[in-house]
Structure formats: C-alpha cells, structure tokens
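In what follows, a single structure is set out as structure tokens and then discussed.
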Amino acid sequence: MSDKATTADKTLFTPFNVVAGFIIIIGTVITILRFTGGLAAVTNLSDNNPWGLWIGFDLLVGVALAAGGFVTSAAVYLFGMKKYHSAVRPAVLTGFLGYALVVFALHYDVGRPWRLPYPFIMQSGTTSLLFEVGACVALYLTVLFLEFMPAPLEWLGLKRIRELAVKLTLVLTIFGVVLSTLHQSSLGALFLIVPSKLHPLWYSPYLPVYFFISSIIAGLSMVIFESTLSHHYFVDKMDGTHLSENEGVTLGFAKAASFVLAGYFIIKIIGISFADNWYLLGTSYGIWFLVEILGFVALPSFLYAVGVRDKNLKLIKWTSLLAVLGIILNRLNVSLIAFNWHLPSSERYFPHWMEIAISVFIVTIGIVVFRFIVTRMPIFYEHPEYKDNH
Amino acid sequence: MSISRRKFLGWIGAAGAGSAIGSTALAGGNKHFTGYPGSYAVLHDTVLCVGCRLCEASCNKVNELPAPDKPFTDLEVLNKKRRTTAKTYTVVNKYESAGKKGPLFRKIQCNHCLEPACASACFVRAFSKTAVGAVTYDSTVCVGCRYCMVACPFEIPAYEYDEPLTPRVMKCTMCYPRITKGQLPGCVEACPKEALTYGKREDLLKIARARIRKYPDRYVDHVYGESEMGGTSWLYLSGVPFSEIGMREDLGITPAPDLTSGALAVVPMVVGLWPVLLTGIYAISKRKEKIAEQELNEAVKHAANEVKEKAEAKLAEALAKAHTEKDAAVEKAVKKALEEAAKSQAKEDS
C-alpha cells in the first residue's frame, strides 16, 4: 500500500497490488472451504459461542465505522455546516462501501445466505431486534447508494439523472439519519436479551443509547482518520477546495468528537451508577472496563480537545486512530470478550486464523474498491462541469 | 397475554419498517402471561433421577437422530460435563454435592419457555410457542443467523456447523409430533424411575408443591421453572440448591420479550419524531443563512450609500468651491476691468 496510486504506474505488480492480490487469493480459498465444509471447517464457533469475529468485527465494528456517512451529510445538509462540504463525498463513499461489505460479510456467517431477504418476503419476526437491524441496514444501504450516485453519474456524464439524484439530497439525508439512529442503536439492543450472558459492566438497559452515541464518535473519527490516509495516498486527486477545507474539517470534527466522547463518558458513568456496579470495577473485568473507558474514551476526548486548542493536526490524527480503536474494542467487548464471561475458559471463543483472514480479506476488498473509485470518480474534487452546483 | 403482546411488538416493529398499524395494547402493560391454559409440561424430579441414560436413548430413537459415538449404555460418559448438541437433544449430567452422599443427576433439554427468548429473537419467526406447550422450530424459513442461540438463557439450541449449505438449529421439540397424537414424549416414556412426569402444567405445579410439602427434608422449597425467565414448560425439583446441579439461579423472572420491548417501542417514536426534529434543524440553519445573507446585503447597501453620500457631498463642496472661485475671479476681472477703465478715463481726462 505504499504506492501513490497514480495512473502513471506501468506495472501491475506494485506492492499494493501484490499484497492485495495475495490476500484476495487466500480469501477465495477460504471462501470455497466455507461453502463446502460449513462453518465448522473455517471457524471456532460452537454451540455456546454462536457469534464470533464475523459478527463482532465485520458486522458490529463495520456498521459503527461506516457511520461517517450519516454524520457528515447531517452536519453539512441539515446543520448547515457548508464549510465541510468537501468531506461529504469521501464519507458517503466510505459509508456505502462499509455497509455493502457488512452485507457481504454476513453471507459468510449465516447458514443460508440466499435466505437473507426471508424476513421481508417470507415471514417477518418483528419482535426481533435483528429484524430491525436487517430492515434498517437494507434500507440504509439503498439510501447510501442513492446518496453516492451523483459521483458515478458525473463520471459517466449522465447530467439529467444526476440532477434528479442531487435533488433528493435533503430527503435522503433525513432518511439516512433516521435509519442510522435506529440500526446503530439496535445493534446494541441485540444484547438486551442476554443479561445472563453479558458481563454486568457492559450489559445495560442503555446499550442502544451507548451504541448510537459511540457510532457518532466512530463516524467523526473515521472521517478524520480516513482523510489522513487519503491525503497520504490520493493527494494528487484532490482539488484546491478539498485541500483548503481539509484543515477546517479536521479541526471541526475533532472538536465535535471531543464533545461527544465527553458525553459518552458521562453516560457510561451514569450506567455504572444506575446499576450500582461500582464494586465490580475492582475485578479483572472491571480493570478491563476501566481500560476501555479511560484509555479509549476519556483519553481521546482530552487529546482531541488539546489538539483543537493547539491546532495540532498531527495529534488529532493520531487521536482519531485511538478513538477508532476504542470503538473496535467496545464492540468486541460486548460481543465476544465480556460475552459468555460466566463460562469456563475452555468453553470460551477465540477466532480461528481463517476467520481473521476472511475479515482481512473483506477489508482489503473495501480498500481495493475505494481506490478504484477515487482514482476515477469525482470524490476528492469537484467535477469541472458541475462546479458550484450544490 | 404473551401472544398478543408479541403480536403488538410485531406491529411496533412493522411500524418501524414504515407501515404503522394501531393497537390498543401496551408493551409495558400490567398483564402477566402464565402460559396457555391447559398446556402441557414435564416435571423433572432430580431427586429420583439415577442417571441411567434411558431417556437419552429414547430421545435419540424417536427423533431419529444419528447414533452417538459411545453407546447409551456407557455410563462413563456421565463423568464429563456435556450440553445439548446438533446430534443430541437431551443429555444427563452428573453432579457432586457436599451435602449429599452419592452423585446427583439432572437431565438437560429445551425448557420450552412460556415466552421463549428464541422465538422473540428470531427475525423470521422460525420458532413458535404452540398451545400444547412445545416450542417448535421451522427449518424451512431459518436463515441460520444463530441469534436464537445467543438469546437462549439456558444455552439449549445447537447448530449444524458442519453443514455447508443447509444447516439447521437443533433442539428438543418436546416430541411435538408425539404429544399432539396423545403419546408421551420419548424421554418421559422411557424413564424407569418416574423422575419425569408429563401432564398439564397447572397439575404438575400442584404435584411438585405437594411433594415439597410432603417431604420437606428431601426437597429444596422451590420449583425451578415456575417463574424463571417468566416460566417454563419444564419444571424441576431438587434436593440441593439448583446451582449445585448446574442450573443458573440468577436468570430472574423477566420473560425474554420484556427485555427488548422497551427498545422496540422507541422505534416508531424515532420514525415519527426524527424527521420533524431534523427538518426543524434544517429550517433553522436555512433561516440563519437567509438572515445572514439579508444582513450582509443590507450592510453592503448601507456601506454603498454612505460612500455615495460622501462622494456627493465632496462633489457639492468642490462645485461650491469652484463656484465661489469662479465668482471671485469674475469679480476680480470686473474690478480689474473697471479699474482699468477708470484709469484710462483718468488718463483721457488729464
């Protein structure tokens, strides 16, 4: 991934292509194993541990980290923060790819993937939070697709359809925020049904609120983090507006993230008080919980604030990575690490290397497609024919 | 009642999906479901269980499950803690208790909750609580998401992990096909010690209480399953605290659907109110923009006017000055001319 992704590359065997190609070949082999040998052939899932890395990381983390789309478009189109406009397209693209990959990853995890539409066409289990997650993710993927459409339509030169797509922006943005509120929170609410399996420090009636609020942190931090990477690899694709607005986006989003993290920290503390779980903080799980909320919630909130005060972009960028890791840690804690905590260690789950390989494979596909799109479509720059057209 | 509540929650979910249907029920109502009237159950008196595994063998036979690795007559199997699997709907485990001489045994299988977590969690309604008491599973709609297994507080449903394309969730059916024909469940029929009793749940609760009353020294004063997780269709008696025979005593009495009903109830509220709130925010930001633009325009206009006025004043001043200068010049010239005329007159006169 060290090349600059320029069109001047003559050879196909760039370091990026070689590494990505290698991962994709391994992923393809494991895919074949999965669909010929079943989940038992490639995962460490068991009857006691029915959900593993593919739910904990690919679904829960994937959806949270793809929240940049709704956060950015809401900021720009609903809250009127026009100075962040150039951040919308990369964020919507990341969101769209993120959700598409979540759905793709689910095909590996569920037993009969072709039945994924069954809840909507055969029989609806509307008492299930998973139904809500499924419905919202399916709808939101459509919304993100439509929100993303102007870019490929400009690329293809289809002016009239593009006009139509652009006109939908406001409605789509509102719809996107409604759907995101619902499914981001529902992913947390999935675990409301297991007070007997999830450690009390992570189990809370506020789980849906925690998941929703932390998804905003994830969205804001991912926009900063992703733009840092993009600046490194795709700077030649960026126009003057994008480059000049970038510092403002970073500072503004860091400020917002600092505030939301602070709020999130407070409601986590309220959760402990509400359940009177203070006595659990001294246990080994309690220390792990403190690592999460001090090291990955309170600390990034503080560092973001310092970064904004000092206009220290480097600090902000590193902090965004810390915050993103915090979200990953939180989702893995809820779904895997603090889940089934009552079981003896011999019955606990640890991912098989092939499960990790599939997760890496899916992330790699995301990066390859992202790279394909930003090197061709107007993502980091405004299409010359549609300038000042928003 | 449970079903109407579940239905109601279903409607709420449907409302979330965009098509709201009204209802008079309330998710957090004061109604308490105690099972379908006249539904059946099994009472497992663990005090009477001798760990012979005949129930396991019978279950295997009537459900046509694959043959086990070790025969059912092999009691060595009991030395290892087991759970239900995709090939075994029921297992008997052996426990030691400090207070009791000799081993204790307990049979494990689906408890057929009155308000099942699996049914509440399933997004294709593959599980149903039938009126006879059995919780059944329909593999023809199952997607294989395994949320039922996550949700089950008793860790009962198992999954065919080695099936690549047609994996099913496997669990005890309370021998639904047999009991609807008036037969006993396989395990109950096979039990030689009457440690398992099949009957109406109301009757079994009475029997259980009668046993506790009659032999207070033999039994712990609790019928497990009467209220655990809202109540189950398998009831248990024990001579030692239930935790000592591997049964969780910390599950509480809240039925699983109640744990998620609050979150589901918020869905239609978000669907209804978020667009209003967001449109309001949009309108405010739009209005702010408009006002800012108006103010800018006015300021520009004002500034332009000021400049204009200043320029006009300057011009008028310059004009006036020019006028006076001109007048002065004319006067001067006239004066000069007059003086000159007077001078020449004087010359002529002299």
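The values are calculated or read from the model by the stated rules, or taken from the named source; none is laboratory data. Since we're looking at a predicted model, the values are computed, not measured. With ideal geometry, Cβ positions are generated from the backbone for all residues, glycine too; neighbour counts draw on all protein chains shown. Protein only, heavy atoms only, side chains kept; ligands, DNA and RNA dropped before computing areas. Shrake-Rupley method; radii C 1.70, N 1.55, O 1.52, S 1.80 Å.
Of the residues making up the stretch A:105-128, those that are touching a Pro at 6+ places or on another chain (Cβ under 9 Å), facing chain B (nearest Cβ under 7 Å) and assigned to a helix (DSSP H, G or I) number 0. Being in contact with a Lys or Arg (Cβ under 6 Å, 6 or more places away or on another chain) and at pLDDT 90 or above is a property that does not hold for A:T72. Within this structure, A:F265 passes the test of being farther than 28 Å from A:S359 by Cα and open to solvent by 40 Å² or more (accessible area, probe 1.4 Å). The set of residues in the stretch B:236-291 that are among the aromatic types (F, W, Y) and under 26 Å from B:T34 (Cα atoms) comprises B:Y236, B:F242. For the stretch B:204-213, the criterion of being over 30 Å from A:L139 (Cβ atoms) and in a loop (DSSP other than H, G, I, E, B) is met by none of the residues.
Taking the numbered list (1) in contact with a Lys or Arg (Cβ under 9 Å, 6 or more places away or on another chain); (2) within 30 Å of A:P344 (Cβ to Cβ); (3) more than 10 Å from every other protein chain (Cβ to nearest Cβ); (4) not aromatic (F, W, Y) in turn, A:T228 passes all entries but (2). Restricting to the stretch B:102-134, name every residue that is basic (K, R) and over 23 Å from B:R82 (Cα atoms). Selection gives B:R125, B:K129.
So that you can scan it fast, the table gives a plain yes or no per residue for (1) under 30 Å from A:V178 (Cα atoms); (2) in a helix (DSSP H, G or I); (3) open to solvent by less than 60 Å² (accessible area, probe 1.4 Å); (4) in contact with a helix residue (DSSP H, G or I) (Cβ under 9 Å, 6 or more places away or on another chain):
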residue	(1), (2), (3), (4)
B:W274	yes, yes, no, yes
B:G280	yes, yes, yes, no
B:N297	no, yes, no, no
B:K308	no, yes, no, no
B:H323	no, yes, no, no
B:K332	no, yes, no, no
B:E340	no, yes, no, no
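Within the stretch A:196-225, the residues that satisfy the criterion of being more than 14 Å from chain B (Cβ to nearest Cβ) and in contact with a Leu (Cβ under 7 Å, 6 or more places away or on another chain) are A:L201, A:I217, A:A218, A:M222, A:F225. Would a scan of the stretch A:338-360 turn up a residue that is β-branched (V, I, T), buried (at least 21 other Cβ atoms within 10 Å of the Cβ), in contact (Cβ under 8 Å) with a residue 60 or more places away in the chain and farther than 21 Å from A:G295 by Cα? The answer is yes, given that some residue of the stretch A:338-360 is β-branched (V, I, T), buried (at least 21 other Cβ atoms within 10 Å of the Cβ), in contact (Cβ under 8 Å) with a residue 60 or more places away in the chain and farther than 21 Å from A:G295 by Cα.
Cβ separations smaller than 7 Å between residues 6+ apart or across chains give the following pairs from the stretch B:262-287 residues that are more than 9 Å from chain A (Cβ to nearest Cβ) to residues that are part of a helix (DSSP H, G or I): B:A265/B:I12; B:P268/B:I12; B:P268/B:A15; B:P268/B:G16.
Only one entry of A:K167, A:K197 meets the criterion of being out of contact with any Phe, Trp or Tyr (no Cβ under 8 Å at 6 or more places or on another chain) and among the basic types (K, R), and that entry is A:K167. Answer with yes or no whether B:L104 is touching a residue at least 24 places away in the same chain (Cβ under 8 Å), more than 14 Å from chain A (Cβ to nearest Cβ) and under 24 Å from the mean Cα position of the chain (by Cα). In short, no. Screening the stretch A:132-226 for helices (runs of 4 or more DSSP H) wholly inside it with 2 or more residues that are within 17 Å of the chain's Cα centre (by Cα) returns the ranges A:169-189.
Where helices (runs of 4 or more DSSP H) sit wholly within the stretch B:96-200, those with at least 3 residues that are open to solvent by 10 Å² or more (accessible area, probe 1.4 Å) occupy B:176-179, B:186-190. Out of everything in the stretch B:64-95 that is free of Cβ contacts under 8 Å to residues at least 12 places away in the same chain and open to solvent by 80 Å² or more (accessible area, probe 1.4 Å), what residue ends up being nearest to A:T127 (Cα to Cα)? Filtering first and then ranking leaves B:E64. The listed residues are A:V76, A:V102, and the only one of them that is without any contact (Cβ under 8 Å) to a residue 60 or more places away in the chain, in a helix (DSSP H, G or I), farther than 30 Å from B:M170 by Cα and of a type outside the set (G, A, S) turns out to be A:V76. Checking every residue in the stretch B:162-183 against the condition of being hydroxyl-bearing (S, T, Y) and within 14 Å of chain A (Cβ to nearest Cβ) gives at least one match.
Mind listing whichever residues of the stretch A:271-290 are surrounded by fewer than 13 Cβ atoms within 10 Å (Cβ to Cβ) and assigned to a helix (DSSP H, G or I)? Hits for the stretch A:271-290 are A:S273, A:F274, A:W278, A:Y279, A:G282, A:S284, A:I287. Considering the conditions (1) away from chain A (no Cβ under 14 Å); (2) closer than 27 Å to A:V110 by Cβ, B:K206 is excluded by exactly one of them, (2). Residues in the stretch B:89-103 that are out of contact with any Asp or Glu (no Cβ under 7 Å at 6 or more places or on another chain) and either within 29 Å of B:Y36 (Cα to Cα) or not small (G, A, S) (or both): 6 in all.
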